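Please read the structure below before turning to the comments.
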Amino acid sequence: MAKRVLLTGVSGSGKSTVTAALAAQGFRAVDLDTPEWSHWVDVPDVDGPHGPPAAPGRDWAWREDRVERLLTEHTGGVPFVSGCAENMRRFLHRFDLRVLLFPPRTMIRARLAQREPGSYGARAEERLRVMRHLETVEPLLRRSADLELDTDRPVEAVVERLLRAVEALDAAPVTTL
């Protein structure tokens, strides 16, 4: 059975960059933080048990039917799935390795400040919410993580460390698709 790997972290932690680097090496790597896999849902605009929603009156949620299909139908190699959404808890048990990506706060601020207009985190109020998520969401992600990787280093070094951890799951070599 294929091992499944989740890469998670708050906005600006490096999920998309690591996922793209894995895909460039030929791995099955899916960024769930895209409209194909996730969507905005209406929620009360109040702080919940995990802090504020991602935006006033709405939150980012995985399209559960699509994610379920992705996890069920994939049979070859190691699928790497990245993302962070309110409803991801429903899927945590489906992953053999849950990896928290995190850089220093200053790096998250800098990464978000460089985002294109219209991208999440580009607006000042979104950046403030991300900083709050560091206090409320990241500790929850950390508790569910099997491995933490500091992304304040070249992406190649992060990917190399990640692949070593995957290979250690059963001491079986990781193969590309």
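A few comments on the model shown:
- Amide proton proximity set for residue 78, modelled H, under 5 Å, gap of 5+: 28, 175
- Cβ-Cβ FRET estimate between residue 34 and residue 114, R0 fixed at 22 Å, reported to 0.05: 0.70
- Result for the chain in a Gaussian network model with C-alpha springs under 10 Å: among 11, 38, 82, the largest mean-square fluctuation is at 38.
- Spatial extent of the chain: Rg and Dmax, with the Cα atoms as the point set, Å: 15.7, 46
- Cβ-based net charge around residue 98, under 13 Å, with every Lys or Arg adding one and every Asp or Glu removing one: +4
- Annotation note: GluC sites (Glu not before Pro) in segment 1-89 located in DSSP loop regions with a Cβ neighbour count of at most 15 within 10 Å are 36.
- FRET efficiency for residue 66 and residue 106, using Cβ-Cβ distance with R0 set to 41 Å, rounded to 0.05: 0.75
- Projected label distance in nm at residue 45 and residue 73, using a 7 Å step from Cα toward the beta-carbon: 3.8
- Ellipticity estimate at 222 nm from DSSP helix runs (n ≥ 4, -39,500 (n - 2.57)) divided over the chain, nearest 500: -10500 deg cm²/dmol
- About its Cα centre, the chain has a charge dipole of approximately 200 debye under the convention of +1 per Lys or Arg Cβ and -1 per Asp or Glu Cβ, with nothing else charged.
- Using 0.36 nm per residue and subtracting the Cα-Cα separation, the extra length available between residue 94 and residue 161 on full extension is 21.9 nm.
- Potential extension, residue 147-residue 58 segment - 0.36 nm per residue separation minus Cα distance: 29.1 nm
No value in this document is a laboratory result; all are computed from the given coordinates. It should be emphasised that the depicted structure is a prediction, and the values quoted were computed from it without experimental measurement. Quick reminder, even Gly has a Cβ in these numbers, built from the backbone with ideal geometry, and neighbours come from all protein chains shown.
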